[in-house]
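This report refers to the structure that appears directly beneath it.
The values are calculated or read from the model by the stated rules, or taken from the named source; none is laboratory data. Only a predicted model underlies this, so the values are computations on that prediction, with no experimental measurement involved. Please note: Cβ atoms are built from the backbone with ideal geometry, for glycine as well, and neighbour counts cover all protein chains shown.
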Amino acid sequence: MKIDFVKARQVFDSRGNPTVEAEVKAGKITERAIVASGASTGSNEAIELRDKEKAFKGRGVLKAVENINKKISPKLKGMDVTQQKEIDKAMIELDGTENKSVLGANAVASVSMAVAKAGAKVQEVPLYEYLGQLAENKKFCLPIPQMNVLNGGKHAGLEHDIQERMIYPFGAKSFFEAMQMSTEIYHSLKALMKKKFGYSAGLIGDEGGFVSSEKDEEKKLELILNAVEETGYSGKVELAIDPASTEFYKNGKYFLGNKIFSAGELVDFYSELAEKFNIYSIEDGMAEEDWKGWNELNEALGNKYQIVGDDLLVTNIKFIERAIKENSCNSLLLKVNQIGSVSESIDSALLAFKNSWTVVVSHRSGETEDSFIADLVVGLGTGQSKFGAPARSDRNAKYNQLLRIEDSMKNSVYGKR
Ligand code: PEP
Ligand code: MG
């Protein structure tokens with residue numbers, strides 16, 4: 001089925017910022033996708049094109065929209081919509097830069113995802129299965145979700161703070177059960193926090209998790225474990241954290257809470273936290289430029305815990321290769337818009353798998369109703385997702401799609417590590 005045209009428009013994300021929606025038309029098929037947007041972004045991410053004009057306080061995306069309508073659409077017209085690799089390659093060549101700064105990664109990624117959705121429709125298979133075909137994977141599984149129940153850092157208006165504290169219901173038997181456990185824990189946590197800090201403790205951050213006025217990190221993690229215990233799920237839930245430490249790194253030091261840490265001291269701090277609070281995964285424990293610190297962290301904790309690279313790797317093969325060579329981490333956080341196309345995201349996942357890393361498919365803090373990444377995580381069979389709290393429809397769009405997928409499968413598999 002040949003592409004007739006691609007049409008784009010400006011729509012809005014969960015933070016009220018403009019973002020790009022692309023619509024691909026191929027014969028009778030019309031499919032669309034909306035791109036997400038980060039706040040604590042890695043400096044090496046592909047470029048999100050913003051208009052930088054008065055409208056929308058500079059955050060308009062009409063230039064990216066125009067790039068789709070005037071440049072990408074004519075280029076892709078007539079191409080077979082099931083040729084994902086060729087289509088992504090054509091856009092990358094049309095852009096001509098390493099970081100998609102001409103067309104914008106927001107333009108390219110939205111088209112790339114819409115093309116994949118249209119390809120699945122042409123092949124008459126579910127999107128997850130189609131994405132699995134692109135990755136040559138047939139082992140589909142529902143992910144164990146890392147759910148960000150206590151938001152911090154840039155997503156909660158806090159400085160010198162760990163950004164994400166997540167529950168990981170590894171002991172569930174199905175994704176359905178994982179949702180039951182997670183929502184029960186989420187509501188228990190809300191009640192505990194309100195009891196301790198008053199009514200406003202129920203307010204939430206960008207990813208749907210609560211925001212605490214508690215300053216002591218240990219007390220925050222303790223609250224989550226109390227909620228886990230109260231709901232009767234101890235032994236079935238571990239914790240994960242994403243400090244997003246680039247945000248509190250300056251001149252070779254880490255400014256976390258009211259303390260100043262060297263890389264080595266921060267490794268010791270994480271080690272204590274992990275031991276004490278049943279943490280199995282630490283993402284962006286070190287800053288994106290502190291490659292030496294990453295090596296220290298992975299040397300010390302990598303054989304026991306999942307050490308995930310987000311800002312460090314930006315879903316880019318170039319940085320993943322360096323991290324493999326330098327033994328910097330053992331897991332990839334995969335965000336489609338960080339690299340800007342479906343094919344490149346799949347290549348990054350395959351490189352990680354090849355080197356025995358784990359892969360966590362992730363949302364962005366600025367999300368939309370698009371549930372593409374739910375199908376992606378099942379299709380790649382990574383077994384782990386990071387889509388925020390089990391609340392707010394921008395996050396639950398993904399969880400509800402995972403429930404639909406699980407419901408549609410005869411013998412679904414939950415999680416894999
Ligand atoms: C993250 O840091 O993992 C994250 C999801 O945040 P953002 O989208 O703001 O980069
Ligand atoms: Mg992160």
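Here are some notes:
- Any hit, the stretch 58-71, residues being under 19 Å from Lys121 (Cβ atoms) and touching a helix residue (DSSP H, G or I) at 6+ places or on another chain (Cβ under 8 Å): no
- Subset of the stretch 400-417 (residues that are of a type outside the set (A, V, I, L, M, F, W, C), touching a helix residue (DSSP H, G or I) at 6+ places or on another chain (Cβ under 6 Å) and closer than 24 Å to Ala33 by Cα): Gln401, Glu406
To keep it simple, each residue is scored yes or no on (1) outside the structural domain of Ile279 (by TED's automatic domain parsing); (2) assigned to a loop (DSSP other than H, G, I, E, B); (3) buried (at least 20 other Cβ atoms within 10 Å of the Cβ); (4) within 16 Å of ligand 2 (Cβ to nearest atom).
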{"site": "Asn148", "(1), (2), (3), (4)": "no, no, yes, yes"}
{"site": "Gly157", "(1), (2), (3), (4)": "no, yes, no, no"}
{"site": "His160", "(1), (2), (3), (4)": "no, yes, no, no"}
{"site": "Ile167", "(1), (2), (3), (4)": "no, no, yes, no"}
{"site": "Gly171", "(1), (2), (3), (4)": "no, yes, no, no"}
{"site": "Phe176", "(1), (2), (3), (4)": "no, no, no, no"}
{"site": "Met179", "(1), (2), (3), (4)": "no, no, yes, no"}
{"site": "Glu184", "(1), (2), (3), (4)": "no, no, no, no"}
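- Of the set (1) under 19 Å from the mean Cα position of the chain (by Cα); (2) at pLDDT 95 or above, all apply to Ser40 but (2).
- Considered as a group, the residues in the stretch 299-315 that are more than 16 Å from ligand 2 (Cβ to nearest atom) and buried (at least 17 other Cβ atoms within 10 Å of the Cβ) include one that is farthest from Leu221 (Cα to Cα), and that residue is Gly302.
- Under the condition of being more than 13 Å from Ile87 (Cβ to Cβ) and modelled with pLDDT of 95 or more, the residues counted in the stretch 111-138 number 16.
- Count of the stretch 365-397 residues, restricted to those that are within 12 Å of ligand 1 (Cβ to nearest atom), farther than 17 Å from Glu21 by Cβ and either assigned to a strand (DSSP E or B) or not assigned by TED's automatic domain parsing to the domain that holds Glu344 (or both), is 2.
- Test result for Ala227, touching a residue at least 12 places away in the same chain (Cβ under 8 Å) and under 23 Å from the mean Cα position of the chain (by Cα): no
- Qualifying residue in the stretch 382-403 (condition: farther than 23 Å from Gly208 by Cβ and away from ligand 2 (no atom under 16 Å from the Cβ)): no
- Within the stretch 208-220, considering residues that are touching a residue at least 60 places away in the same chain (Cβ under 8 Å) and not in a loop (DSSP other than H, G, I, E, B), the one surrounded by the fewest Cβ atoms within 10 Å (Cβ to Cβ): Lys220
- Hits in the stretch 229-267 - residues which are within 16 Å of ligand 1 (Cβ to nearest atom) and within 21 Å of Gly388 (Cα to Cα): Leu239, Ala240, Ile241, Asp242, Pro243, Ala244, Ser245, Thr246, Glu247
- Once the stretch 189-207 is narrowed to residues that are more than 16 Å from ligand 1 (Cβ to nearest atom) and crowded, with 21+ Cβ neighbours inside 10 Å, the residue that is nearest to Gly157 (Cα to Cα) is Met193.
- Only one of the numbered conditions (1) of a type in the set (S, T, N, Q); (2) part of a helix (DSSP H, G or I); (3) outside the structural domain of Ser341 (by TED's automatic domain parsing) is violated by Ser188, and that is (3).
- Matching residues in the stretch 234-251 - criterion: being without any contact (Cβ under 8 Å) to a residue 40 or more places away in the chain and either outside any strand (DSSP E or B) or not assigned by TED's automatic domain parsing to the domain that holds Ile162 (or both): Ser234, Asn251
- Of the helices (runs of 4 or more DSSP H) contained entirely in the stretch 1-97, those carrying at least 1 residues that are touching a residue at least 60 places away in the same chain (Cβ under 8 Å) and surrounded by fewer than 16 Cβ atoms within 10 Å (Cβ to Cβ) fall at 84-95.
- Here Gly285 passes the criteria (1) within 16 Å of ligand 2 (Cβ to nearest atom); (2) under 29 Å from Met113 (Cβ atoms) except the one numbered (2).
- One residue stands out among those in the stretch 316-345 that are assigned to a loop (DSSP other than H, G, I, E, B) and buried (at least 17 other Cβ atoms within 10 Å of the Cβ): the one that is nearest to ligand 1 (Cβ to nearest atom), which is Lys335.
- Within the stretch 28-56, being near ligand 1 (Cβ under 8 Å from one of its atoms) and either in contact with a Lys or Arg (Cβ under 7 Å, 6 or more places away or on another chain) or under 15 Å from Val102 (Cα atoms) (or both) holds for Ala36, Ser37, Gly38, Ala39, Ser40.
- Identity of the residue in the stretch 127-146, hydrophobic (A, V, I, L, M, F, W, C) and assigned to a strand (DSSP E or B), that ends up nearest to Ile405 (Cα to Cα): Leu142
- Within the span defined as the stretch 352-359, every residue fails to be closer than 20 Å to Lys100 by Cα and in contact (Cβ under 8 Å) with a residue 40 or more places away in the chain.
- Top-ranked residue of the stretch 252-295 - restricted to ones that are touching a residue at least 12 places away in the same chain (Cβ under 8 Å) and of a type in the set (Ser, Thr, Tyr), ranked as farthest from Val359 (Cα to Cα): Tyr254
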